Amino acid sequence: MKYVFEILPALLSGMKLTLGVFFLTLIDSIPLGMLLSVGLMNKAKNILGKLINWFLTAYVWLFRGTPLLLQLIFVFYGLPLIGIVFDRFNAAIFAFILNYAAYFAEIFRGGFGAIEEGQFEAATVLNLTRWQTLRYVVIPQVLKVVLPSMGNEVINLVKDSSLVYVIGLGDLLRAGNVATARDVTLVPLVLVGAIYLIMTALLTWAQKKVEKSFSYYR
């Protein structure tokens, strides 16, 4: 236990960075994903509308089809070749937001697709504006549909945050690896695993609470 308390401050410091990546990615990627999903569902016939739809489709295909680890490397080491330079933390946030926004876009697109067209027509009859229809009729139902899928992605985000080690950030896993290599013991990695389990357990509990709050839509 003495050894555990010795290395715990370093692990908690790494966890602080891990949580920073997690929350900043979540706060930015969910709204961006929702906006992208609206663009993906655009049925405009004009050239501009088709170009926007094609661009968004290509964006989602690219970021869902390539590993997040490769995207991190490209953002931090590749973009400086064309004059776009990020520090390590901002590079990680930028890559994570782009990646998870693509996943959330597809999740929200599926949610919007599950809403019957008749509900939009009924809202029009009731003289609701497009924004009022989305806010009071569509989005609450979409959130209920997509909550399980979003919960899975949120939990994956906690674990994916460990990938930031590749660009030299001192996250939770990196702190555990440093202590393991220095002290030649697996205890730090066991503690890292326990901390990740605690974080995912708390997120699973929160997800169930949120899903329960939407149960009145049954």
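The values are calculated or read from the model by the stated rules, or taken from the named source; none is laboratory data. None of these values were measured; they are calculated from a predicted model. Positions of Cβ are backbone-derived with ideal geometry, glycine not excepted, and every protein chain shown enters the neighbour counts. For accessibility, only protein heavy atoms count, side chains too; no ligands or nucleic acids. Shrake-Rupley method; radii C 1.70, N 1.55, O 1.52, S 1.80 Å.
Before moving on, here are some points about what is shown:
- The range 148-206 and the range 79-117: distance between their alpha carbon centers, rounded to Å: 21
- Residue ranking by accessible heavy-atom surface, 1.4 Å probe, largest first, among Ile93, Ile73, Ile30 comes out as Ile73, Ile30, Ile93.
- With only Cα atoms counted, the chain has Rg and Dmax values of 20.9, 70 Å.
- Those GluC sites (Glu not before Pro) in the range 80-181 that DSSP places in a loop and that have at most 12 other beta carbons within 10 Å: Glu116
- Summing charges over neighbours of Gly151, with a neighbour being any other residue whose Cβ is under 14 Å away from its Cβ, gives +3 when K and R count +1 and D and E count -1.
- The sum of -39500 (n - 2.57) across all DSSP H runs of n ≥ 4, divided by the residue count of the chain, sets its helix-only mean residue ellipticity at 222 nm to -25500 deg cm²/dmol.
- Summing charges over neighbours of Pro80, with a neighbour being any other residue whose Cβ is under 13 Å away from its Cβ, gives 0 when K and R count +1 and D and E count -1.
- For the range 85-203, fraction of C-alpha pairs farther apart than 21 Å, in %: 58
- Solvent-accessible area of Leu147, all protein chains in place: 30 Å² (probe radius 1.4 Å, heavy atoms, ligands and nucleic acids excluded).
- Pairs of lysines in the range 1-214 whose Cα atoms sit within less than 29 Å of one another amount to 13, provided the residues are eight or more positions apart or on different chains.
- More than 19 angstrom apart: percent of Cα pairs within the range 1-66: 57
- Mean Cα-pair separation over length for the chain, i.e. relative contact order, pairs under 8 Å, 6 or more apart, %: 29
- Applied to the range 58-69, the Karplus parametrisation 6.51 cos²θ - 1.76 cosθ + 1.60 on θ = phi - 60° returns per-residue 3J(HN,Hα) values of 5, 4, 5, 4, 5, 7, 8, x, 10, x, 4, 4 Hz, with x for Gly and Pro.
- Applying the criteria of a DSSP loop state and at most 16 other Cβ atoms within 10 Å to the chymotrypsin sites (Phe, Trp or Tyr not before Pro) of the range 144-218 yields Phe214.
- Once the chain from Asn90 to Thr129 is taken as fully extended at 0.36 nm per residue, the excess over their C-alpha distance is 10.2 nm.
- Å² per residue, accessible surface of the chain at 1.4 Å: 59
- Among residues other than Ser37 with Cβ under 11 Å from its Cβ, the summed charge is 0 (Lys and Arg +1, Asp and Glu -1).
- When Rg and the Kirkwood radius Rh are both evaluated on Cα atoms of the range 53-150, their ratio Rg/Rh stands at 1.15.
- Percent carbon-and-sulfur accessible area, the chain, ignoring ligands, DNA and RNA, probe 1.4 Å: 68
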